[in-house]
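> Structure in structure tokens, see below.
The values are calculated or read from the model by the stated rules, or taken from the named source; none is laboratory data. The shown structure was predicted, so the numbers you read here are calculated from the model rather than taken from an experiment. For neighbour counting, all protein chains shown are included, and Cβ atoms are generated from backbone atoms with ideal geometry for every residue, glycine included. Side chains are part of the model used for accessible areas, which takes the heavy atoms of the whole protein and leaves out ligands, DNA and RNA. Shrake-Rupley method; radii C 1.70, N 1.55, O 1.52, S 1.80 Å.
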Amino acid sequence: MAEGQTVIRAKALFDGTGAPPVRNAVAVVEGSRIVAAGAEGEVEAPRGSQVRELDYRDGYLLPGLIDAHTHLMFGAGDATYEEVIERDSDQVMLLRAARNAHTHLSAGVTTLRDCGARNQVTFDLRRGVRQGLALAPRLLLSGRPVTTTGGHFWWCNQEADGVEGVRKAVRHLVRDGADFIKIMASGGGTAGTDPRKPSYSVEELRAIVDEAHNLGIPATAHCIATQSIVNALDAGVDSIEHATFIDPDGSYRFNPWIAERIAQQGVRVSPTVQTGYRKREKLLTRKERGHALTPQEEQRLEALNVKCERQVEFLGRLWSEWEVSIVAGTDSIQTFGDYCLGLELQVQAGMDPADVIRSATSVAARAVGLADVVGTVEPGREADLIVVDQDPLGDIRALRSMRMVMQRGAVVPPPVDTGS
């Protein structure tokens, strides 16, 4: 943790609240917290040999970014879920999670919410971070997702069925240190599960949500199937992951009535809009370079084209037609640090860059329960800050490259390049 005082100067400050940028900005950090921020001349900046000066007068200062949906145990390239699960021990997953966490932190993600890992992997990571054994974003953990027997992510080992079974699962997770409960409300990418169908009944989902709330933590639901979104809304979940709108016949079909319910209930959505994008990109690149794809690869590419296009379309409609609160998140991406892609796709979906930045800062902070801690550059908040070279309002891709990342007042060193 940082000690003493730090003065940061920047060409402009985006404070995360939605206010216009502050030009010729100054932020003052004392220890791990922001004590002042605003325009030069309006902020009294301390001076003296004991004050650290960070001069970025050609750069842009923002709050640290938040990834509200990721899976640190993955990030294993092109390997499938099943390949990773069968190949890797918990110890290997822990090592990869530590590497992924530091990589994401260096990409400006100073807070993340891990939405599912096997056994104690992420809990052990947090214990290690607290002992100074690894660098990581601020970690909010679900631990093992609650899923039906044989359901999506069953191999994380928190299968539970029936009202009493799911209540007991929630209690176990809270005992282990879960900050929130992740529910697999439909099938997903796990082999043998069906993303077209809900997995839990409303009664079971309501029992999970009630038990979580009784124990003082929120619950979020993985919803690929359209009916699973309805079930989750009926059960009173705090947020929805993906909201993919897949009907029983396998078609992607946006449902305005359900979108209206999401908005009316004030449920936030993390659309994880970049899921599948890099795999699609690789197949398209091979095809454009004249490499023949196998029939299976052609089929996979066609499916990814539909998936990626619908994800962007549905996000755009949730945002523009229903004003649903959108929260930035990545999911089980192939390579950590690739956070900005999702923000770029949010812009492609029709969101203004200023609103995209808020979805990754103040809006995300509220969604994960840390609105009084991070997400804005204001006195009293933790000094989780980033500096980039270009204006992100002009081009959101400015957030691809970090000039400086600060967490709790300490400048974050880059991860060691292992050549992998």
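> Take the range 255-278 and flag every residue that is part of a helix (DSSP H, G or I) and under 19 Å from the mean Cα position of the chain (by Cα).
Tyr277, Arg278
> Could you pull out the residue among Leu318, Leu283 that is open to solvent by less than 60 Å² (accessible area, probe 1.4 Å), more than 26 Å from Ile66 (Cα to Cα) and part of a helix (DSSP H, G or I)? I'd like the intermediate steps shown before the answer.
Details: Leu318 fails: more than 26 Å from Ile66 (Cα to Cα).
It is Leu283.
> If only one of Ala136, Ala117, Ala98 is more than 15 Å from the chain's Cα centre (by Cα) and either assigned to a helix (DSSP H, G or I) or without any contact (Cβ under 8 Å) to a residue 60 or more places away in the chain (or both), which one is it?
Details: Ala136 fails: more than 15 Å from the chain's Cα centre (by Cα); Ala117 fails: more than 15 Å from the chain's Cα centre (by Cα).
Going through Ala136, Ala117, Ala98 in turn, the sole match is Ala98.
> Next up: Based on what the data block shows, is Phe254 touching a residue at least 40 places away in the same chain (Cβ under 8 Å) and either closer than 20 Å to Ile183 by Cα or of a type in the set (Lys, Arg) (or both)? Steps first, please.
Working: touching a residue at least 40 places away in the same chain (Cβ under 8 Å): yes; either closer than 20 Å to Ile183 by Cα or of a type in the set (Lys, Arg) (or both): no.
So Phe254 fails the test.
> Let me ask you something else. Please go through the range 1-41 and pick out each residue that is small (Gly, Ala, Ser) and either buried (at least 21 other Cβ atoms within 10 Å of the Cβ) or touching a residue at least 40 places away in the same chain (Cβ under 8 Å) (or both).
Answer for the range 1-41, where residues must be small (Gly, Ala, Ser) and either buried (at least 21 other Cβ atoms within 10 Å of the Cβ) or touching a residue at least 40 places away in the same chain (Cβ under 8 Å) (or both): Ala2, Gly4, Ala10, Ala12, Gly16, Gly18, Ala25, Ala27, Gly31, Ser32, Ala36, Ala37.
> A follow-up question, please. In the range 304-361, which residues are farther than 25 Å from Trp257 by Cβ and free of Cβ contacts under 8 Å to residues at least 24 places away in the same chain?
Asp352
> From (1) of a type outside the set (D, E, K, R); (2) over 13 Å from Ala221 (Cα atoms); (3) surrounded by 16 or more Cβ atoms within 10 Å (Cβ to Cβ); (4) free of Cβ contacts under 8 Å to residues at least 40 places away in the same chain, pick out the condition that doesn't hold for Thr149.
Unmet for Thr149, out of (1) of a type outside the set (D, E, K, R); (2) over 13 Å from Ala221 (Cα atoms); (3) surrounded by 16 or more Cβ atoms within 10 Å (Cβ to Cβ); (4) free of Cβ contacts under 8 Å to residues at least 40 places away in the same chain: (3).
> Then there's this: Mind checking whether some residue in the range 217-229 is modelled with pLDDT of 95 or more, in contact with a helix residue (DSSP H, G or I) (Cβ under 6 Å, 6 or more places away or on another chain) and within 20 Å of Gly369 (Cα to Cα)?
First, pick out the residues of the range 217-229 that are modelled with pLDDT of 95 or more: 217-229.
Remaining after also requiring in contact with a helix residue (DSSP H, G or I) (Cβ under 6 Å, 6 or more places away or on another chain): 219, 221, 223, 229.
Right, trim to within 20 Å of Gly369 (Cα to Cα) and you get 219, 221.
Yes; the residues of the range 217-229 include at least one that is modelled with pLDDT of 95 or more, in contact with a helix residue (DSSP H, G or I) (Cβ under 6 Å, 6 or more places away or on another chain) and within 20 Å of Gly369 (Cα to Cα).
> With respect to Asp67, determine if the residue is in a loop (DSSP other than H, G, I, E, B) and crowded, with 16+ Cβ neighbours inside 10 Å. Break it down stepwise before answering.
Details: in a loop (DSSP other than H, G, I, E, B): no; crowded, with 16+ Cβ neighbours inside 10 Å: yes.
Considered against the rule, which asks whether it is in a loop (DSSP other than H, G, I, E, B) and crowded, with 16+ Cβ neighbours inside 10 Å, Asp67 comes out as no.
> Same structure again: For the range 156-164, state whether one or more residues are touching a Gly at 6+ places or on another chain (Cβ under 8 Å) and either assigned to a strand (DSSP E or B) or surrounded by fewer than 24 Cβ atoms within 10 Å (Cβ to Cβ) (or both).
Looking through the range 156-164, at least one residue is touching a Gly at 6+ places or on another chain (Cβ under 8 Å) and either assigned to a strand (DSSP E or B) or surrounded by fewer than 24 Cβ atoms within 10 Å (Cβ to Cβ) (or both).
> Another question about this same structure. Which pairs do you get when a residue that is farther than 18 Å from Gly162 by Cβ, found in the range 206-221, comes within reach of a residue that is modelled with pLDDT under 95 and surrounded by fewer than 17 Cβ atoms within 10 Å (Cβ to Cβ), reach meaning Cβ atoms under 9 angstrom, with the pair 6+ apart or on two chains?
If the second residue must be modelled with pLDDT under 95 and surrounded by fewer than 17 Cβ atoms within 10 Å (Cβ to Cβ), no pairs are left.
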